[in-house]
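Since every read-out is calculated from the coordinates, none of them should be taken as a lab result. Being a predicted model, the structure only gives us computed values, none of them experimental. Cβ atoms come from the backbone with ideal geometry, glycine included; neighbour counts cover every protein chain shown.
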2 protein chains.
Amino acid sequence: MKLNRTNLEQHLDHLYDAIVVGGGAGGLSAGIYLQRFRLSSLIIDKGKARSFWMQALHNYLGLSPDTSGRQLLQQGKQHYSALAGNFLEGYVEAVTEEENTFTVRIKVGRQNSRYVMFQSKYLIVASGIIDHLLPLDDMQNVYDYAGYNLHVCMVCDGYEMTDKLCGFFAGSEASIEEMVFNLSWFTPRITIFTHGLFEVSGQMRSQLQEYGYRLVETPIQKFLGENHQMTGVELIDGSVIELETGLISMGSRYHNTYLKGIDLEMKGGNLITDKMGRTSHPRIFAIGNLKVGLNQVVVAAGDGALAATQIWREIRKDTGPRKWQENLKILA
Amino acid sequence: MKLNRTNLEQHLDHLYDAIVVGGGAGGLSAGIYLQRFRLSSLIIDKGKARSFWMQALHNYLGLSPDTSGRQLLQQGKQHYSALAGNFLEGYVEAVTEEENTFTVRIKVGRQNSRYVMFQSKYLIVASGIIDHLLPLDDMQNVYDYAGYNLHVCMVCDGYEMTDKLCGFFAGSEASIEEMVFNLSWFTPRITIFTHGLFEVSGQMRSQLQEYGYRLVETPIQKFLGENHQMTGVELIDGSVIELETGLISMGSRYHNTYLKGIDLEMKGGNLITDKMGRTSHPRIFAIGNLKVGLNQVVVAAGDGALAATQIWREIRKDTGPRKWQENLKILA
């Protein structure tokens, strides 16, 4: 059921088998599996998973390519709720551990916030990443196009950019190095925008020149376009550069600050896991974008199934088999 | 496009980037990703993937729980076809390798079969497993209920069996050992049927007795029920045992005989892979039920995304970045 300020109390003293931090694709898939394993679970979601912004998933097996991320999440929440899973909108502030039990401190409500604690045996961290978008004075101008023809994921949407005039919005020289030459697989018609945020080295300049990619260092005033279709950018000097699509690659922030009290093995900001999603802590599993691997919705959904299944195996083993009591009585 | 006997010829001399053996969930997901990476791919499908038999997927994020496996596969085929992927109904007989190219020999058509060869740089093996079902004289009687309330996958459908009178159809003592005590997590009301196929040890008999599980060794004549709902079994001695659900665990056969000429690392019949699905052969990837891991539709779909992405990375690296030729001309 959906928990809220008014019905929270009756659930506070329950020890959940697993608390899932994050109600995106990975968290919801884990929740569905946990409930179907007859385990008790609570998903805590701050809202607006990365997939929430996707206007069309394009590459998720089983769904029509024009299905939005929002629809996927909506369907997943209904599915989880029909299995009697508990769902709470809130922000996880901290996790502590004592005697094999996790205590999760949650802020509920943005205004007049209330702080509550829930406890669980296992923890699934599925809180993902938040992309840095182009920092403009009018951020609404970015949201107007993000997820439409202004993309944040090359693996997801490279195909949509095929041979189009493409703006690449970089956050650092490293992001140019890492992404632009790969992006050219889909389209070589690339204009790189630094927004004046960093210096570009001489070596990089000549490399870009060699491949014919344009470099624009004047900051951007705003995106141009209509009906969520970006058609170019206007720079602060008033000049206009025509574009047909864009890729924002300005880095991202992991939503994992609540784990800071727990020592977990990382690799470049990502949690290291085994094949079932277990981190270096035996009762913490990481799925989706937080873990080392490919950031794809369908992979996160698979991750959720794996982590939930491993947790079930362990709890099942601890519990032992059930006897058929009625039949034993008949036999006695 | 869908290839068939009449349009095969024009594709025979094409060197595909990847050939995918198997058009189940894993293979279709891989195909969708490959096409979106602007690679050329061919899926070869013998028909009737394991998910084809699932009347309700129950646990696939994004799809209503009553969606059938058949609907998922249908949607996946449409999706792949809309991306201009090539799909051929046929049976892969053998794969050989020469100078970094695979040659795949395919039997097309069950009658008046034709044999054709296709070539590729990479191979994705996604041909899965075929469950052994209860060997009855009238196999139609098994198919009437399989995928409805007669299940083959405990992780998938254990929830549906919760506290029901459950028949466990075993193929060996090992399958009892492995599955029955775990099945009791969902329901302890278990009757084990050996169908007279194997002897049960004294030790196992007393273990089953201790837990109150019934053991039936008389062979089964047929399943009883109507409208695809199995209600019990009739034994060859005419006696009837009432049931509400069933789990068939008689083993399975890997569809991988076509790989026999290639030396691949295995673990108990499954291919060993790395996190991206690569086998011990650098250009052969395994996804879904053929590889070591959990046999779940959503995991296979994730596997497909991973394998396709890794193949793209390698082909992209071999090809190198593209230049923006028109812009270079302007600059020159």
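The table for this structure:
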| item | result |
| --- | --- |
| Computed helical MRE - 222 nm, chain B, DSSP H runs ≥ 4 contributing -39500 (n - 2.57), nearest 500 | -7500 deg cm²/dmol |
| Candidates A:LEU57, A:LEU264, A:LEU88, ranked by Gaussian network fluctuation over chain A, Cα under 10 Å, top entry | A:LEU264 |
| Pairwise centroid distance, computed over Cα atoms, of region A:10-64 with region B:16-77, Å | 23 Å |
| q = 0.16, 0.18, 0.20 Å⁻¹: log10 I(q)/I(0) that the Debye formula gives for region B:234-332, counting C-alpha atoms only | -0.80, -0.91, -1.04 |
| In degrees, nearest ten, helix B:202-211 long axis to first principal axis of chain B (Cα) | 80 degrees |
| Cα lying deepest toward the dipole's positive end in region A:213-332, options A:GLY293, A:GLY225, A:SER249, charges on Cβ | A:GLY293 |
| Shielding by partners, peptide A:256-262 (average Cβ within 10 angstrom, other chains) | 0 |
| Simple spin-label estimate for A:GLU210 and A:THR231 in nanometres, 7 Å along Cα-Cβ | 3.7 nm |
| Entries in A:LYS275/B:LYS317; B:LYS121/B:LYS323; A:LYS77/A:LYS107; A:LYS260/A:LYS291; A:LYS275/B:LYS275 that, when Cα-Cα distance is taken, lie over 18 Å | A:LYS275/B:LYS317; B:LYS121/B:LYS323; A:LYS77/A:LYS107 |
| Separation between Cα centres of region B:78-145 and region B:227-253, rounded to whole Å | 31 Å |
| Whole-Hz ³J(HN,Hα) from phi, Karplus 6.51 cos²θ - 1.76 cosθ + 1.60, for region A:295-307, glycine and proline x | 7, 9, 4, 5, 6, 4, 4, x, 3, x, 4, 5, 4 |
| Disulfide-incompatible cysteines by the Cβ rule (no partner under 4.7 Å) in the protein assembly as shown | A:CYS166, B:CYS166 |
| Most mobile listed residue (B:GLY90, B:GLY109, B:GLY26) in chain B, GNM with C-alpha springs under 10 Å | B:GLY109 |
| Test item: Cα-centred dipole of chain A, Lys/Arg +1 and Asp/Glu -1 on Cβ, debye | 1800 debye |
| P(r) weight above 34 Å for chain B, C-alpha pairs, percent | 34 percent |
| Peptide A:16-29, shielding by other chains (average Cβ, 10 Å cutoff) | 1 |
| Dipole-positive endmost among A:THR191, A:HIS281, A:MET204 within region A:186-317 (Cβ charges, Cα centre) | A:HIS281 |
| Dipole moment magnitude, nearest 20 debye, region A:132-196 about Cα centre, only Lys, Arg, Asp, Glu C-beta charged | 180 debye |
| Efficiency of FRET between B:GLN140 and B:GLU199 - r from beta-carbon atoms, R0 25 angstrom, step 0.05 | 0.25 |
| Amide H contacts of A:THR231 (H built 1.01 Å from N, under 5 Å, at least 5 apart or other chain) | A:LEU224, A:GLY225, A:GLU226 |
| Listed residues B:ALA56, B:ALA308, B:ALA286, most fluctuating in chain B (Gaussian network, C-alpha, under 10 Å) | B:ALA56 |
| Dipole in debye (nearest 20) - the protein assembly as shown, about Cα centre, beta carbon charges: Lys, Arg +1; Asp, Glu -1 | 40 debye |
| Inter-chain shielding of A:110-116 (mean C-beta neighbours from other protein chains, 10 Å cut-off) | 0 |
